[in-house]
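Below is one structure, written out as structure tokens; the observations come after it.
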């Protein structure tokens with residue numbers, strides 16, 4: 001309960017009231033006031049001595065008096081004297097501050113009515129400013145959106161125009177509550193004078209956020225017109241560029257042409273994206289395969305003297321690299337130099353990476369030398385990623401010896417230590433060249449240097465050994481790595497099984513499969529669909545299609561791995577070669593029921609089996625399948 005409403009004795013009430021009066025602003029002597037004070041004073045004709053008061057104490061006193069007035073413990077005369085004294089009238093700002101400190105929007109509305117009824121001038125500015133503060137209170141109450149709409153309706157009924165801030169506050173609150181239709185209805189009713197650039201920015205952001213793309217673009221178009229009353233500013237740019245950079249939209253999306261048009265118009269108004277948003281925008285255009293538009297956006301910012309940094313150029317270089325446009329990549333590098341944008345390690349890494357992927361390794365080496373400052377006065381320290389990219393590129397074109405030399409160079413010149421990726425690239429290069437001993441030497445060296453191998457290292461060496469027919473060595477190496485805690489994955493298991501099957505060791509392949517799939521020491525290897533298909537195909541090729549069929553049922557129940565077209569085709573081929581056409585047809589019908597679509601190989605396999613069996617109507621079967629086969 002407010003302390004002003006606590007019942008007091010008559011003497012204590014008089015004392016408290018006297019103390020209150022002493023805190024009031026000085027009053028004009030011509031207006032006699034404080035009758036109770038004169039009655040209690042020893043000098044009845046002497047007016048009270050004013051005490052210096054700041055605005056904060058006035059606000060606090062007004063809040064207390066109004067709340068006491070509401071509780072029936074005070075008269076309105078006291079509040080009236082405090083707020084509307086001719087010697088010190090309160091300003092609209094004071095009324096706003098008092099309103100903000102009231103406990104509810106309903107109480108604030110009553111205070112507004114009090115001001116409207118008692119203000120000598122009833123200035124529109126004071127009333128509108130006070131009503132603006134009322135809009136701030138519902139956020140502290142339940143069901144704020146309905147309260148706001150009720151207050152807005154009240155303002156219209158009482159013919160109180162909203163301030164710019166009041167209108168902005170109302171629409172923002174409705175938008176945050178996702179009452180977008182209600183917010184737009186308010187926007188349509190507002191006086192145009194209330195719609196400044198800040199207001200437009202807030203509404204456009206709300207529209208983008210809610211997926212109302214058409215309305216957002218229409219409002220932006222108004223702002224972008226020549227001589228518009230509400231031209232765009234940097235905040236507009238932040239809103240728009242953030243929206244344009246979004247990867248996904250619900251509802252209507254923004255086309256790449258619309259993006260380019262918006263960016264161009266904003267640049268004409270001197271509104272530029274920051275580095276982060278420009279980089280996001282270029283990345284999005286490149287992912288949408290609009291490299292030309294991404295190029296135009298970057299160069300429009302460049303021509304308009306907007307801020308450009310290496311990150312935005314790197315995004316465009318990445319897009320150009322994906323499509324192999326090395327000419328424009330070099331052009332952009334030249335332009336970066338002309339406008340004093342220093343390429344960083346990422347810039348050079350992008351160039352080197354895409355050149356290596358295109359097998360232009362010599363050009364990548366030239367860029368690498370330029371990066372280190374050999375020419376053009378550039379000096380960027382290459383990192384381990386740059387070295388690994390080059391080493392991998394060299395190994396992929398059979399120049400693994402140069403890759404090995406580069407690894408020694410990265411130690412001595414750059415003090416950059418090789419990591420697991422470095423060794424994996426070199427091991428893969430020597431394995432593919434058939435130099436398995438050199439690959440194993442590198443593996444031993446990485447262990448000595450405490451560079452820990454990973455599953456890629458394991459798979460690379462296992463595959464290299466299997467390619468050379470050293471299957472026993474591959475299995476032994478696999479077991480050794482498992483004992484050391486590197487268990488491998490489905491790729492490792494599939495590689496070994498395929499090599500064993502190709503070596504006519506189907507039984508050993510089955511044993512390995514059962515062993516790896518059933519161990520309970522935490523080192524089991526989970527087979528995937530390719531593993532099952534490899535084993536089923538191997539079984540069918542040696543006439544053990546029934547075991548293959550059992551394995552297909554097992555993959556459903558134990559592994560939750562559903563058979564695909566390859567699985568069924570292998571089994572159908574196995575039963576056809578065994579002369580069991582009926583079983584093959586049953587499988588064909590089953591795969592259709594399970595909506596596993598046959599392909600041309602499936603159909604050819606079954607038709608070929610029927611031809612050999614000389615049974616059934618092949619022509620009729622082929623005709624019935626024309627519409628069902630996925631080619």
(Q) If you average the alpha carbon positions of the range 565-586 and of the range 296-338, how far apart do those two centres end up, in angstrom? (A) 56
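Can you compute the FRET efficiency between residue 507 and residue 528 using 1/(1 + (r/R0)^6), with r the Cβ-Cβ distance and R0 = 25 Å? Round to the nearest 0.05.
On the way: r = 22 Å, r/R0 = 0.88.
Computed FRET efficiency for residue 507 and residue 528: 0.70.
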Q) Using a ≥ b ≥ c from the Cα gyration tensor of the range 429-540 (square roots of the eigenvalues), is it rounded, prolate or oblate, where a/c under 1.5 gives rounded and otherwise the larger of a/b and b/c decides, a/b for prolate? A) oblate
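Roughly speaking, what is the stretch gain from residue 557 to residue 541, that is 0.36 nm per residue apart minus the C-alpha to C-alpha distance, in nm to one decimal?
Working: separation 16, 0.36 × 16 = 5.76 nm, distance 2.41 nm.
Length difference between fully extended and current span is 3.4 nm.
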Q) In which sequence would 140, 445, 595, 438 go, from the one with the fewest C-beta neighbours within 10 Å to the one with the most? A) 595, 140, 445, 438
Q: Subtracting the Cα-Cα distance from 0.36 nm times the residue separation, let me have the gained length for residue 514 to residue 385 in nm, one decimal.
A: 42.5 nm
Q. Any idea how far the Cα center of the range 362-436 sits from the one of the range 184-209, in Å?
A. 57
Q) According to the square roots a ≥ b ≥ c of the eigenvalues of the Cα gyration tensor, what is the shape class of the range 189-325, taking rounded for a/c under 1.5, prolate for a/b larger than b/c otherwise, and oblate for the remainder? A) prolate
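Any chance you could run the full-extension gain for residue 196 through residue 600? It's 0.36 nm times the residue separation minus the Cα-Cα distance, nm to one decimal. Walk me through the numbers on the way to the answer.
Values: separation 404, 0.36 × 404 = 145.44 nm, distance 6.54 nm.
Extra length available between residue 196 and residue 600 comes to 138.9 nm.
Sorted by packing (mean other beta-carbon atoms within 10 Å per residue), highest first, where do 300-309, 584-593 land?
Details: 300-309: 15.2, 584-593: 16.8.
The densest-packed peptide leads the list: 584-593, 300-309.
Normalised by the number of residues in the range 234-336, what is the relative contact order in percent for Cα pairs under 8 Å and 6+ residues apart?
26 percent.
Given R₀ = 22 Å, FRET efficiency for residue 565-residue 586 by Cβ-Cβ distance, to 0.05? Can you show the working numbers first?
Working: r = 16 Å, r/R0 = 0.75.
With a Förster radius of 22 Å, E is 0.85.
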Q. Points 7 angstrom from Cα along the Cβ direction at residue 150 and residue 366: gap in nanometres?
A. 7.7
**Q.** Calculated FRET value between residue 409 and residue 484, using beta carbons and R₀ = 41 Å, to 0.05
**A.** 0.85
Q | Cα→Cβ-extended label distance, 7 Å offset, between residue 268 and residue 225, nm | A | 1.4
Q | Distance (nanometres) between label positions extended 7 Å along Cα→Cβ at residue 181 and residue 253 | A | 2.7
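Ordered by packing density, taken as the mean number of other Cβ atoms within 10 Å over each peptide's residues, highest first, how do 446-455, 427-436, 543-552, 388-397 rank? It would help to have the intermediate numbers written out before the result.
Working: 446-455: 13.3, 427-436: 20.4, 543-552: 18.4, 388-397: 23.3.
So the order, starting with the most tightly packed, is 388-397, 427-436, 543-552, 446-455.
Coordinate-derived values only; no laboratory data. If you're wondering where the values come from, they're calculated on a predicted model, not measured in any experiment. No Cβ is skipped: glycine too gets one built from the backbone with ideal geometry, and neighbour counts run over all protein chains shown.
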